[in-house]
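Below: one structure, written as structure tokens.
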Amino acid sequence: MAALENGVTGDTWFSVIDTGYRPATLQAAWRKVAANAGAAGVDRQSVEPCAARAEVSRGELEAALKAGRDEPLAVVRVESPKGPGTVRPLGIPAVKDRIVQTAVKLVLEPIFECACLETSSGCRPGRGCTEALREGDRLLKAGYTQVVDADLASDFDTIPHAPLMARVGERVSDGRVRQVIEAFLHQDIVKGMQRWTPTGGTPQGAVISPVLANLYLHPLDCAMRESGYQMVRDADDVVVLCQTAEEARAGLADVQAWMQANGLTLNPDKTHVGDCREEGQGFDCLGYRFEAGQRSRAAQESDSDTRSDPGQDRAHSRGQSRLHHCGIEPDAPRLVRLLSARASVDLQRHGRLRSATVALAAAQAAEASRDRAHAGRPSPLAQCVLC
């Protein structure tokens, strides 16, 4: 109770797995997975047949997670066209694994969000293209026209597991949560007759991958801000805007040094420094091309990336409700919503709260409405403990 209202000592959460396997959390996770549909995994079970025994499956998952016995199945590897002569590997987890990942994401995302900076816009609740594009426009108009357009090689396939888990441990010390995450990082991959265990990277196609990837790159956001750079990052796309060419070259060197120190590399074919006022020296950001003083729609790749896959949310593109858009599940257990509210208090305290305020206010109003409709039930905070 005190932790929810006042935060936790050292900003490290020690026991959150029980929130992940509560029936209400698993039910909310199932609804999100069912709404996304998606292809069947290695067990050949799609969402439709799973719906027939959803309650039984939920109970089995709850028992397995509570006992620490849940083991994820292998991920089916498929390849999607990415551009001329290139493909993007995508993974299709089993439906039951997508449910577990979504439940864990519902619990961990608000905890990790407390520390995120405004420079990061991709794969975050309550943030989208608008904020990043406006910031890019603002900086360009302010004279930050020398641009470092940096792109990670192999997306997030090369993130080393040990440093990633160390960063998870800085915020969440719950050993059972770490066990679940590590199990997903080491899921076998099946492609045709081949089968192997990955030694690094977050699996593209996994619901929880964008959360982990943002967590891993958060120190880059901090390092660039502390060095005085103006940066906009959308998942693995990094744009540093500078006022001089010398500053831009130094910025690229700093980004490369950070990547090398953290086990990552930049894609040399997609990384460049240029004056975006000139033809051919612009940059792409969130589906737009900034070049020669203009902003226009960039040429779109033919398929989704780490943010869009057979098992992940499509709420943004389908234009669902503001609550869903901001990553707040109205029917999730109250502890999850209180964690989200706690994250927003921290963000507001540091001056980083934006559109999430609207969503949280709506969630609180909906909560109050439900409580009034069910007079005599325990208060939201009390019921959080009782559920």
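What to note about this one:
- Residue list for region 145-194, restricted to those being under 30 Å from residue 278 (Cα atoms), under 18 Å from the mean Cα position of the chain (by Cα) and assigned to a loop (DSSP other than H, G, I, E, B): 154, 155
- Scanning region 91-118 for residues that are assigned to a strand (DSSP E or B) and open to solvent by 10 Å² or more (accessible area, probe 1.4 Å) yields a single hit, 92.
- Any hit, region 157-173, residues being on the phi < 0 side of the Ramachandran plot, among the basic types (Lys, Arg), open to solvent by less than 40 Å² (accessible area, probe 1.4 Å) and in contact (Cβ under 8 Å) with a residue 60 or more places away in the chain: yes
- When residue 197 is tested against the conditions (1) under 29 Å from residue 78 (Cα atoms); (2) touching a residue at least 12 places away in the same chain (Cβ under 8 Å); (3) of a type in the set (Val, Ile, Thr), the lone failure is (2).
- Single residue of region 236-281 satisfying the filter (in contact with a Phe, Trp or Tyr (Cβ under 7 Å, 6 or more places away or on another chain) and not aliphatic (A, V, I, L, M)) that is farthest from residue 148 (Cα to Cα): 236
- Enumeration of residues in region 174-189 that are open to solvent by 30 Å² or more (accessible area, probe 1.4 Å) and either touching a Lys or Arg at 6+ places or on another chain (Cβ under 8 Å) or more than 25 Å from residue 110 (Cβ to Cβ) (or both): 186, 188
- Considering (1) under 30 Å from residue 291 (Cβ atoms); (2) polar (S, T, N, Q); (3) under 15 Å from the mean Cα position of the chain (by Cα), the lone condition that residue 202 does not fulfil carries the number (1).
- Counting the residues of region 195-209 that are open to solvent by less than 10 Å² (accessible area, probe 1.4 Å) and either assigned to a helix (DSSP H, G or I) or out of contact with any Phe, Trp or Tyr (no Cβ under 8 Å at 6 or more places or on another chain) (or both) gives 3.
- Selection count where residues are surrounded by 17 or more Cβ atoms within 10 Å (Cβ to Cβ) and either assigned to a strand (DSSP E or B) or without any contact (Cβ under 8 Å) to a residue 40 or more places away in the chain (or both), scope region 224-248: 12
- Criterion (over 29 Å from residue 174 (Cβ atoms), modelled with pLDDT of 85 or more and either open to solvent by 30 Å² or more (accessible area, probe 1.4 Å) or not basic (Lys, Arg) (or both)) met by exactly one of 56, 76: 76
- Residue match in region 120-139 (condition: farther than 24 Å from residue 26 by Cβ, more than 22 Å from the chain's Cα centre (by Cα) and among the hydrophobic types (A, V, I, L, M, F, W, C)): yes
- Among residues of region 49-77, those that are in contact (Cβ under 8 Å) with a residue 60 or more places away in the chain and under 24 Å from the mean Cα position of the chain (by Cα), counted: 9
- For residue 41, the conditions (1) open to solvent by 30 Å² or more (accessible area, probe 1.4 Å); (2) within 19 Å of residue 203 (Cβ to Cβ); (3) not in a strand (DSSP E or B) are fulfilled apart from (1).
- Region 31-48, subset without any contact (Cβ under 8 Å) to a residue 24 or more places away in the chain and not small (Gly, Ala, Ser), residue farthest from residue 190 (Cα to Cα): 48
- Qualifying residue in region 74-86 (condition: out of contact with any helix residue (DSSP H, G or I) (no Cβ under 6 Å at 6 or more places or on another chain) and of a type in the set (Lys, Arg)): yes
- All positions within region 119-144 that are part of a helix (DSSP H, G or I), touching a Leu at 6+ places or on another chain (Cβ under 9 Å) and open to solvent by less than 50 Å² (accessible area, probe 1.4 Å): 132, 133, 136, 139, 140
- Restricting the first member to region 249-270 and to residues that are within 16 Å of residue 227 (Cβ to Cβ) and modelled with pLDDT of 95 or more, and the second to residues that are in a helix (DSSP H, G or I) and open to solvent by 80 Å² or more (accessible area, probe 1.4 Å), no beta-carbon pair is closer than 8 Å while six or more apart or on different chains.
The values are calculated or read from the model by the stated rules, or taken from the named source; none is laboratory data. No experiment lies behind these values; they were computed from the predicted model shown. Don't worry about glycine lacking a Cβ; one is built from the backbone with ideal geometry, like all the others, and counts go over all protein chains shown. Ligands, DNA and RNA are stripped out before the accessible areas are found, and what is left, the full protein with its side chains, is counted by its heavy atoms. Shrake-Rupley method; radii C 1.70, N 1.55, O 1.52, S 1.80 Å.
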